[in-house]
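The values are calculated or read from the model by the stated rules, or taken from the named source; none is laboratory data. Just so we're clear, the structure is a prediction, and the values are computed from it rather than from any experiment. Note that we place each Cβ from the backbone using ideal geometry, even for glycine, and neighbour counts take in every protein chain shown.
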Amino acid sequence: MHRRPIQQLRHLFFFAVVTAVFLSSIVALLRNGSGQPTQSRFAFNQPAMANASPSPAEAFTYLPLIMVPEAPCVYMETDDAVVIEIESVPAAEDWQFETSFPSYTGNGYYVWRGPEQYGTPGIGVLTYPISVTKSSDYQLNIRNSHPTNPSLYNDVWVRLDNGPWIKSFSNVINAWTYDFNFDQGGNLGAAIFKNVTAGIHTIELSARSAGFRLDRLVFSANGSGQLETEPESPCVVP
Ligand SMILES: [Ca+2]
Ligand SMILES: [Ca+2]
């Protein structure tokens, strides 16, 4: 078991050689094997190189491998309205992406397939960050549809900027409609948010009735941004 000094030296030398070879392979890999510097795929903050083929010594910068999460984009008001396909943001909990009811806009629509949440807003929250250009009242019209009965499968909770959740509904059955109303303690009326300031806001939807289909939302100061031809607003990272 006891090693002689010469054997220990050999082992030490062998270990040093292996380590050196390993480290130089890592360096070669980082330099893409060509001796030319490469832009790291992970380095989002690396400035663009002015020269297409810089000399290896001067342009290469080692950057820490830190993944910077991108800020969420914000849907910008254009032509007097913010227009967003409901399915453009990730579904939450029992919201399901579907396409079986025809004549939706965009790629499809979401429908709540979980239990009714008549008394509990805040379940299955869908989040829509928006930016508006005017300080004004704004009307929300969500293109929707539901089957069978005017007052079943026909509502969803809505809130703006952490305000109170408002039961919001439509009574039009078996067709897509922009008919969309607030029920505020029995006061029924168009879904209008008062005194919205210019700038960034957040619209949130949460589950209420099962079976209510939500296709796209239009948020407009003049209440008339309901055209099918209106394209989806650009989503821009602020
Ligand atoms: Ca209802
Ligand atoms: Ca849609």
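Scanning the range 81-91 for residues that are away from ligand 2 (no atom under 13 Å from the Cβ) and crowded, with 17+ Cβ neighbours inside 10 Å turns up 81, 82. Taken over the range 206-227, the criterion of being out of contact with any Lys or Arg (no Cβ under 7 Å at 6 or more places or on another chain), part of a strand (DSSP E or B) and farther than 18 Å from residue 73 by Cα is satisfied by 206, 213, 214, 220. Please determine whether any residue of the range 150-165 is within 16 Å of ligand 2 (Cβ to nearest atom) and either in contact with a Lys or Arg (Cβ under 9 Å, 6 or more places away or on another chain) or outside the structural domain of residue 100 (by TED's automatic domain parsing) (or both). Yes; the residues of the range 150-165 include at least one that is within 16 Å of ligand 2 (Cβ to nearest atom) and either in contact with a Lys or Arg (Cβ under 9 Å, 6 or more places away or on another chain) or outside the structural domain of residue 100 (by TED's automatic domain parsing) (or both). Exactly one residue out of 151, 145 is buried (at least 18 other Cβ atoms within 10 Å of the Cβ) and touching a Phe, Trp or Tyr at 6+ places or on another chain (Cβ under 9 Å): that is 145. Within the range 206-238, being within 16 Å of ligand 1 (Cβ to nearest atom) and touching a Ser or Thr at 6+ places or on another chain (Cβ under 7 Å) holds for one residue alone: 213.
Do we have any residue at all in the range 185-205 that's more than 16 Å from residue 82 (Cβ to Cβ), within 15 Å of ligand 1 (Cβ to nearest atom), of a type outside the set (Phe, Trp, Tyr) and surrounded by 18 or more Cβ atoms within 10 Å (Cβ to Cβ)? No, there is no match, as no residue in the range 185-205 is more than 16 Å from residue 82 (Cβ to Cβ), within 15 Å of ligand 1 (Cβ to nearest atom), of a type outside the set (Phe, Trp, Tyr) and surrounded by 18 or more Cβ atoms within 10 Å (Cβ to Cβ).
In summary, residue 147 fulfils each of the numbered conditions (1) over 17 Å from residue 216 (Cβ atoms); (2) under 21 Å from the mean Cα position of the chain (by Cα) with the single exception of condition (2). Apart from one condition, residue 179 fits all of (1) charged (D, E, K, R); (2) within 16 Å of ligand 2 (Cβ to nearest atom); (3) in a loop (DSSP other than H, G, I, E, B); the exception is (2). Of the residues examined, residue 123 is one that is more than 20 Å from residue 83 (Cα to Cα), surrounded by fewer than 19 Cβ atoms within 10 Å (Cβ to Cβ) and aliphatic (A, V, I, L, M). The range 69-144 holds strands (runs of 3 or more DSSP E) entirely within its bounds, and those carrying 3 or more residues that are in contact (Cβ under 8 Å) with a residue 40 or more places away in the chain map to 74-76, 81-85, 109-112, 126-132.
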